[in-house]
Amino acid sequence: MSPPSIPNSMQVLGPNSWYPKNPASTNGFKGSETGFHSIPDEVLLQIFHFCRLGDSYRWHRQGWYGLTKVCQRWQRIMFALASHLNLRLLFTYQTEVKKELAYFPPLPIAVHYAGRSDPSIEGENVHLALRSPLRVCSIALWASASTLDDLMSSMACAFSVLESISIHCTSTTFTLPVMFLGGQAPRLRILDLGRITVPPSSPWLSSAVGLTTLRVIPSRDFSLEALYSYLRDKPHLSSLHILLLHLPRELYWRTEKGPTSVEPIELPGLNNVTFWGNKVSLESFVAGIRAPNLVEYFLTLNDAASSSPYPSLSQFARQARVPASSAVQIRFSTTTSGAIGVKTWRNSMNWLSHVIEVRCDLFDEQVSSIAQISKQLSESLSHSVELELLFQDHEKFPTHCDVVEPGQWLKVLRPFGKIQTLRVDSALVWQIADALLLDYNVTPTGPGVLPHLQELKLQFCETDDRHTTACDAFRPWKEWRKLPGREPVAVTCLPLEDDDWKSRLPRWNRL
């Protein structure tokens, strides 16, 4: 496709614009046919596109401003094709809103007062930024309840081009007016609410039928029914994030007795889910979600799992698309959390697309929790061909791992009976060896817990001299696997540099 045509002349700025008065003399060039002044308009446009795509974050945070100050010609090209270059004005802290509104043409506006301090210190600037409802395409306000209440007067009309809104109450909670945004949000795609209550009868939420991303940090009066009211009639929703971060554990969910009888919601476009809460709230949350095209989920439990099952989680996980020959990683830590994730490959990079994390400090609780979750996910992980057992604090070998009984490690391994390769971190080698020896003693004539295993790879740092004795720990079990009717196993020790090991540890949460 050829680049769009560019007008020869165009009045784009006000009388106090910032461009040089004599563009031919800019940067020492004497004539319009020398240096960059001889570059064709179409080539300049491609260069601008390259700048935008090369660093999109900086581009949207006023990174394009400098290009408009080079000369009138550059300015004319950029503003004549502002929509193709995705130009927008960013009004944030210390921005002279009145001055920029006068200097620049009527470009889309992004209002961003979030994360640094309460917007009240900006005085009338925030109101001025919001009083162009036909141009505001993005709003981010993180403020106290009193400041949000004051700003609602400037957000009572319709914002016809608004695509993204993020509102977080930094004090207690805040309830949005029923006629927020004039009751209309037809182009809203991204909604991010933190400690914000939305009345169920809000027409603006019902009108946001094109919503694709919903992120909620609930307030204290949040309920499962309120969440489902957000989700109904949202067929295009592709990304859902529920973060129960700030609530006391006893208030994680109103339905503390378990999932309610809410009618399940069909979300055909949903492919990414992030959840952070406790076990009861997780079960309540996933019980009513039907997502036939689910690709990724990242679930974090703030408490150790009990011995009771996860029926809703098991049903939810079965909806996710798992590659036929997937690999599973299970991570443990002495101080933070344990997690289980499924590895997939995307754009030649290794990603963990299905992750369940349990945050608890006690190592034995991590192991028992992961064992229970592995059992619940056994059906969806039945095609896994490789399993990795990692230890996050690789430089801190767990001296208290002996408190975990070998039988618990067998429960972790049992759901992965079809794997062909098992990788074990050096910090866990002797625990896994004891577990496999127990399996040998319990079922001396049976197939064992990993009947199809062909390779056992023990990962050691080169500075760790214990690898010389690691293989000996598996010798009895290895000889047992050589008996008729069993699959022989090759046990090897692999050297691994510290930096290389750390690079293999994934980011388990994408919040």
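Any read-out appearing in this document is the output of simple, stated calculations on the displayed coordinates, not a laboratory observation. Bear in mind the structure is a predicted one, so any value in this text is a computation, not a measurement. Reconstructed Cβ throughout: ideal geometry from the backbone, glycine too, with neighbour counts over all protein chains shown.
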(message) So if each residue of separation counts as 0.36 nm, and I subtract the Cα-Cα distance between H452 and E266, what length gain in nm does that give?
(response) 63.1 nm
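Pop the C-beta distance of R486 and R321 into the FRET formula with R0 = 30 Å and round what comes out to the nearest 0.05. Before the final figure, lay out the partial values.
On the way: r = 33 Å, r/R0 = 1.11.
With R0 = 30 Å, the Cβ-Cβ based efficiency is 0.35.
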(request) Determine the sum of side-chain charges near V489: Lys and Arg each +1, Asp and Glu each -1, restricted to other residues whose C-beta is under 12 angstrom from that of V489. (result) +3
(message) Between D364 and E405, what is the label-point separation in nm under the 7 Å Cα-to-beta-carbon projection?
(response) 0.9 nm
(message) Per residue of region 406-422, what does 6.51 cos²θ - 1.76 cosθ + 1.60 with θ = phi - 60° give for ³J(HN,Hα)? Whole Hz please, x for Gly and Pro, Karplus curve as stated.
(response) x, x, 5, 5, 4, 5, 5, 7, 4, x, 10, x, 9, 5, 10, 10, 10
(request) Read phi for every residue in region 370-381 and hand back ³J(HN,Hα) as whole Hz from Karplus 6.51 cos²θ - 1.76 cosθ + 1.60, θ = phi - 60°, with x for Gly and Pro. (result) 5, 4, 5, 5, 4, 5, 5, 8, 4, 5, 6, 9
(request) Determine ³J(HN,Hα), in whole Hz, for all residues of region 425-436 in sequence, where each value follows from phi through the Karplus function 6.51 cos²θ - 1.76 cosθ + 1.60 and θ = phi - 60°; x replaces Gly and Pro. (result) 5, 4, 5, 10, 4, 6, 5, 5, 4, 4, 5, 5
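When the chain is fully extended, how far beyond the present Cα-Cα distance does S153 get from T443, taking 0.36 nm per residue of separation? Could you put the intermediate results ahead of the total?
Working: separation 290, 0.36 × 290 = 104.40 nm, distance 7.29 nm.
Here the answer is 97.1 nm.
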(request) Collect residues whose amide H, placed 1.01 Å from N in the peptide plane, falls under 5 Å from the amide H of V273; neighbours closer than 5 in sequence don't count. (result) L240, E296, Y297, F298
(request) Evaluate the distance, in nm, between pseudo-label points positioned 7 Å from the Cα of E479 and of A102 along their respective Cα→Cβ axes. (result) 9.1 nm
(message) For the pair H383/W351, report the inter-label distance in nm, with labels modelled 7 Å from Cα in the Cβ direction.
(response) 1.8 nm
(request) Multiply the residue separation of T173 and T421 by 0.36 nm, subtract the distance between their alpha-carbon atoms, and state the gained length in nm to one decimal. (result) 84.2 nm
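Going through the cross-link list K279/K411; K98/K234; K279/K343, which pairs have a Cα-Cα distance over 28 Å in this structure?
Values: K279/K411 20 Å; K98/K234 38 Å; K279/K343 24 Å.
Beyond 28 Å between Cα atoms: K98/K234.
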(request) Would you please give the residues with an amide H less than 5 Å from that of W142, counting only those at least 5 places away or on a separate chain, with H modeled from the backbone geometry? (result) Y113, A114, G115, H168
(request) May I ask you to derive the FRET efficiency for E225 and R131 from their Cβ-Cβ distance with R0 = 25 Å, giving the value to the nearest 0.05? (result) 0.10
